[in-house]
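Notes for the one structure printed next.
The values are calculated or read from the model by the stated rules, or taken from the named source; none is laboratory data. Fair warning: this is a prediction, and the values are worked out from it, not measured in the lab. Here Cβ is always computed from backbone atoms with ideal geometry, including for glycine, and neighbour counts include all displayed protein chains.
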Amino acid sequence: QPQLSIQNFQKIFKTGDGVKGVSLDVFKGELVTLLGPSGCGKTTVLRAVGGFQEPDSGDILIEGKSVLKVPPEKRPTAMVFQSYNLWPHMTVYDNLAFGLKIRGRKKEEIRAAVDKVLHLVRLPGTENKMPSQLSGGQQQRIAVARALLLDPAVLLLDEPFSALDAKLRLEMREELREIQSSTGLTMVFVTHDQEEALSISDRIVVMNSGRIEQLDSPQRIYDHPESLFVAQFIGRMNFLPAQGEGSVVDIQGRRFAVERPVEGAVTAAIRPEDIVLLDGEEAKDQLSFQATIRQVMVLGHYAEVTADTVAGPIKLFVPREQAAALEHGQSVPIGFMRVTAFHR
Ligand code: ADP
Ligand code: MG
């Protein structure tokens, strides 16, 4: 039985936007991410699970029971937002203890629980600080701690790290993963950042215009995007016009095998890391293209190279040593290691 089951959830706002039917099962201990561009309906789904958004239709079950009639404060959920929402006039301890006090827990019990959760979020000894004395990252850790103290059946996180700087965001990802593995908590995480989603999720729900485009493991989403939207949204991708002929596509006379059969005018998608520079012998391969180097941008251990081919402009990733030998205007043979194709 899933820990959380969203069944054909629908909520359309007066503007016609909203969520147009989302079904999703999340299992105990899983971290599932709702990923998609701004406005695709992620927050609406999360708010519905938390009880802050009534659906037009559909059902939401937690541990097998419908929660539609349960008010937010009685639901077995806790929510963390982008804005930390700590009470500014209360100490860290009081911020954390509040939820347990209103549940009538004993003083010693609360103290022990607060101490434990502060260790979990790596902020022991901060009980007497005011939120304003903490950095943004620390405040968000306290907000996570406060949610954890409620011992929710499902923890809901709506873009919790979006307000933090890039380096801190990376740290928080790792910490959240650690918290998840040490607590076994079930989490639904919302982000518009595909890298964040790929790095922390057990499964990803890619959303577009109120609908699910693909629901898969990060690896599958990256390696086997099922739609042009997912291919465009996740990772870097080159798109070239091609002709579908069943299990192969023709790109300017070169024919490549594709996983999903396609017919007619299609878009071929090739990841920059799946394009390789060929040496003299390999270049005689009938599948190779000549590429004219336009730009070489060295980014640490690899370079991002822009080049023109008969099929169109492409970007490829090249190891730094190889990139050093490339000159503007030079023509080099390249090969495509893997091609995916989509109907337009
Ligand atoms: P996301 O979190 O993916 O950015 P939202 O769930 O917040 O998307 O919103 C989905 C769509 O529904 C957007 O087009 C948004 O403008 C619209 N929307 C959200 N909440 C409301 C509301 N209370 N009233 C009217 N439209 C809303
Ligand atoms: Mg949102």
Notebook entry, point to check: Inside region 70-81, can you point out the residues that are surrounded by fewer than 16 Cβ atoms within 10 Å (Cβ to Cβ) and either charged (D, E, K, R) or outside any helix (DSSP H, G or I) (or both)?
Noted result: Val70, Pro71, Glu73, Lys74
Margin query: The conditions are (1) at pLDDT 95 or above; (2) in a strand (DSSP E or B), and Ala231 fails exactly one of them. Which is it?
Written below: (2)
Notebook entry, point to check: If Lys20 passes every condition in (1) within 13 Å of ligand 1 (Cβ to nearest atom); (2) part of a strand (DSSP E or B); (3) crowded, with 19+ Cβ neighbours inside 10 Å; (4) not aromatic (Phe, Trp, Tyr) but one, which one does it miss?
Noted result: (3)
Next item on the list: Kindly list the number of the only condition in (1) touching a residue at least 12 places away in the same chain (Cβ under 8 Å); (2) closer than 20 Å to Gln243 by Cβ; (3) not basic (Lys, Arg) that fails for Gly253.
Entry: (1)
Notebook entry, point to check: What number of residues within region 227-240 satisfy the criterion of being without any contact (Cβ under 8 Å) to a residue 24 or more places away in the chain and either touching a helix residue (DSSP H, G or I) at 6+ places or on another chain (Cβ under 6 Å) or surrounded by 17 or more Cβ atoms within 10 Å (Cβ to Cβ) (or both)?
Noted result: 1
Notebook entry, point to check: Pick from region 194-206 the residues that are among the aliphatic types (A, V, I, L, M) and either touching a Lys or Arg at 6+ places or on another chain (Cβ under 9 Å) or within 16 Å of ligand 1 (Cβ to nearest atom) (or both): which of them is nearest to Val144 (Cα to Cα)?
Noted result: Ile200
Notebook entry, point to check: Taking region 287-312 as the region of interest, how many residues are over 28 Å from the mean Cα position of the chain (by Cα), in a strand (DSSP E or B), under 25 Å from Arg255 (Cβ atoms) and at pLDDT 95 or above?
Noted result: 6
Check: Which of the residues that make up region 104-163 are of a type outside the set (Asp, Glu) and within 16 Å of ligand 1 (Cβ to nearest atom)?
Finding: Leu156, Leu157, Pro160, Phe161, Ser162, Ala163
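Conditions tested, residue by residue: (1) part of a loop (DSSP other than H, G, I, E, B); (2) modelled with pLDDT of 95 or more; (3) surrounded by fewer than 15 Cβ atoms within 10 Å (Cβ to Cβ).
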| residue | (1), (2), (3) |
| --- | --- |
| Lys11 | no, yes, no |
| Gly29 | yes, yes, yes |
| Val32 | no, yes, no |
| Leu68 | yes, yes, yes |
| Tyr84 | yes, no, no |
| His89 | yes, yes, yes |
Margin query: I'd like the residue in region 154-163 that is buried (at least 17 other Cβ atoms within 10 Å of the Cβ) and assigned to a loop (DSSP other than H, G, I, E, B) and, out of all such residues, is farthest from ligand 2 (Cβ to nearest atom).
Written below: Phe161
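Quick check on region 199-213. Is at least one of its residues of a type in the set (Ser, Thr, Tyr), under 13 Å from the mean Cα position of the chain (by Cα) and in a strand (DSSP E or B)?
Looking through region 199-213, none of the residues is of a type in the set (Ser, Thr, Tyr), under 13 Å from the mean Cα position of the chain (by Cα) and in a strand (DSSP E or B).
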Item checked: Matching residues in region 141-168 - criterion: being aliphatic (A, V, I, L, M) and without any contact (Cβ under 8 Å) to a residue 40 or more places away in the chain -> Leu164, Ala166, Leu168
Checklist line | Residue match in region 172-187 (condition: within 16 Å of ligand 2 (Cβ to nearest atom), touching a helix residue (DSSP H, G or I) at 6+ places or on another chain (Cβ under 9 Å) and at pLDDT below 95) | finding: no
Check: Of all residues in region 164-193, which are more than 16 Å from ligand 1 (Cβ to nearest atom), outside any loop (DSSP other than H, G, I, E, B) and not hydrophobic (A, V, I, L, M, F, W, C)?
Finding: Lys167, Arg169, Glu171, Arg173, Glu174, Glu175, Arg177, Glu178, Gln180, Ser181, Ser182, Thr183
Margin query: Every residue in region 34-59 that is part of a loop (DSSP other than H, G, I, E, B), crowded, with 16+ Cβ neighbours inside 10 Å and more than 16 Å from ligand 2 (Cβ to nearest atom), please.
Written below: Gly51, Pro55
Note to self: Checking Gln243 against (1) in the same structural domain as Phe9 (by TED's automatic domain parsing); (2) surrounded by 15 or more Cβ atoms within 10 Å (Cβ to Cβ); (3) among the polar types (S, T, N, Q), only one condition comes out false. Which one?
What the structure shows: (1)
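In this structure, does Val248 turn out to be touching a residue at least 60 places away in the same chain (Cβ under 8 Å) and closer than 16 Å to Ala311 by Cβ?
In short, no.
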